[in-house]
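Read the structure below first, then the notes.
Read-outs: derived from the displayed coordinates by stated rules, not from any lab. As the structure is a prediction and not an experimental result, all values here were calculated from the model. Note: ideal-geometry Cβ built from the backbone for every residue, glycine included; neighbour counts use all protein chains shown.
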Amino acid sequence: MSIVSLVAHAGIVVKLVLLLLLCFSLVSWMVIFQRAVSLKRADAGFREFEATFWSGIDVRQLEQTLGDSHEGIAAVFQAGMASFKRLRGSIGNGTGALTPKQASAVLVDVERSMRVAVAEEEGRLNRYLPVLATISSASPYIGLFGTVWGIMGSFLTLSATTRADLSTVAPWVAEALVATAMGLFAAIPAVIAYNRFTATTERLVLGYRDFAEELHTLLYRSLLSPASSAAKRGQ
């Protein structure tokens, strides 16, 4: 008796359960590899951007360096700067320091733009994670269904025979246990990956929000005192 022979001689219901769980497992591993690469790239980009930003580089030079990049922390920065330049040019003719009231009016829209950008990046980082959550929660129950069906088959076999021994029910019990094992095989990697990716996503989103607050403060200072903004940024 081998696993291959058990699957080959299993009932149609158990075969369908095993096939479904195999598809779940393949999908979960595809999502795991895709999310691992994407989150690793996002984390590296976040660290690199922060190091560049706080190195004292000019904001306009940083914008030129980013180019058309619209992903990760760069997207939050670009959204805030685009809104800032648009409103800064419409208030005070784009020159000189503004009053606190005028500066607050400018930065309300800047804050909103960065908040929207952070929300969009959070959605991008969480992409496909619900798939892992569904697989990790549903697979054990689907495997359990195959197990129950196999046990039911063993009891029906016992009721229809006059010779009740282990060889009579062993195939049914074995294929039932294979269904349970397949459910766990699909669920365990999915739940581990989901927890790890969720933690990484939460850490990145928190970093994006902290950066947005820091940029908001720097822009507010630059509006109140453009001449001293560079000095305050280095503090």
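Please give the peptides 75-87, 18-30 ranked by average Cβ packing (other Cβ atoms within 10 Å per residue), highest first, as a rough proxy for protection.
By packing density, highest mean first, the sequence is 75-87, 18-30.
On full extension of the chain, what length is gained from residue 13 through residue 104, given 0.36 nm per residue of separation minus the C-alpha to C-alpha distance?
26.2 nm
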